[in-house]
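Taking it in order: structure first as structure tokens, then the write-up.
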Amino acid sequence: MARKKYTIEQIIVKLREVEVLCSQGKTIAEATRQVEIPEQTYYRWRKEYGGMNSAEAKQMKLLEKENARLKKLVAEQALDIAILKDVNSKNF
């Protein structure tokens, strides 16, 4: 079975659909089957995106991307500093 890639907005819509179906008396297994996602995926999405609206989820993804970029910069700078210290410690 091919994996589908859902956008954040689609994930939030699917979570809301499952909530509506559960409030109508269906079990989570039945609701996830009806919206065509595995039950485990529902729980993973609910853990990550539960209670968010699409604007908040987009902002979170942007912040995660920025954080990854900054971590990469810090790692590169730390490597540069270590190289300079090593070169500076040697007597020529």
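Quick check: residue separation of residue 24 and residue 54 times 0.36 nm, minus the Cα distance between them. What number comes out in nm?
Once the chain is fully extended between residue 24 and residue 54, it gains 8.4 nm.
Run the accessible area of the chain with a 1.4 Å probe and give the carbon-and-sulfur part as a rounded percent. Intermediate values should be presented prior to the final figure.
Working: 4250 of 7550 Å².
Carbon and sulfur: 56 percent of the exposed surface of the chain.
Hydropathy at least 0.5 by Kyte-Doolittle, axial extent at least 20 angstrom from the Cα trace: which helices of the chain, defined as entire DSSP H runs, fit?
The qualifying helices are 8-23.
With Cα Rg over 2.2 N^0.38 Å as the read-out, I listed (i) 1.10; (ii) 1.82; (iii) 1.57; which label goes with the value calculated from this structure?
Checked against the structure: label (ii).
Local charge sum around residue 7 (other residues, Cβ-Cβ under 13 Å, Lys/Arg +1, Asp/Glu -1)?
On the way: positive: 4, 5, 14, 58, 61; negative: 9.
After counting each charged neighbour, the total is +4.
By per-residue mean of other Cβ atoms within 10 Å, what is the highest-first order of 41-49, 78-86?
Peptide ranking by packing, descending: 41-49, 78-86.
Check the straight Cα-Cα distances from residue 58 and name the lysines below 28 Å, setting aside those fewer than 8 residues away within the same chain.
4, 5, 14, 47, 71, 72
Mean residue ellipticity at 222 nm from the helices of the chain, using -39,500 (n - 2.57) per DSSP H segment of n ≥ 4 over the full residue count, to the nearest 500 deg cm²/dmol?
That comes out to -25500 deg cm²/dmol.
I'd like to check one number: the per residue accessible area of the chain, probe 1.4 Å, reported in Å² as a whole number. Provide the component values of the computation, followed by the final result.
Working: 7550 Å² over 92 residues.
With all protein chains present, the chain gives 82 Å² per residue.
The values are calculated or read from the model by the stated rules, or taken from the named source; none is laboratory data. Keep in mind that what you see is a predicted model, and the values were worked out from it rather than measured. Using ideal geometry, Cβ is built from the backbone for each residue, glycine included, and neighbour counts are taken over all protein chains shown. Just the protein is used for accessible areas: all its heavy atoms, side chains included, with ligands, DNA and RNA removed. Shrake-Rupley method; radii C 1.70, N 1.55, O 1.52, S 1.80 Å.
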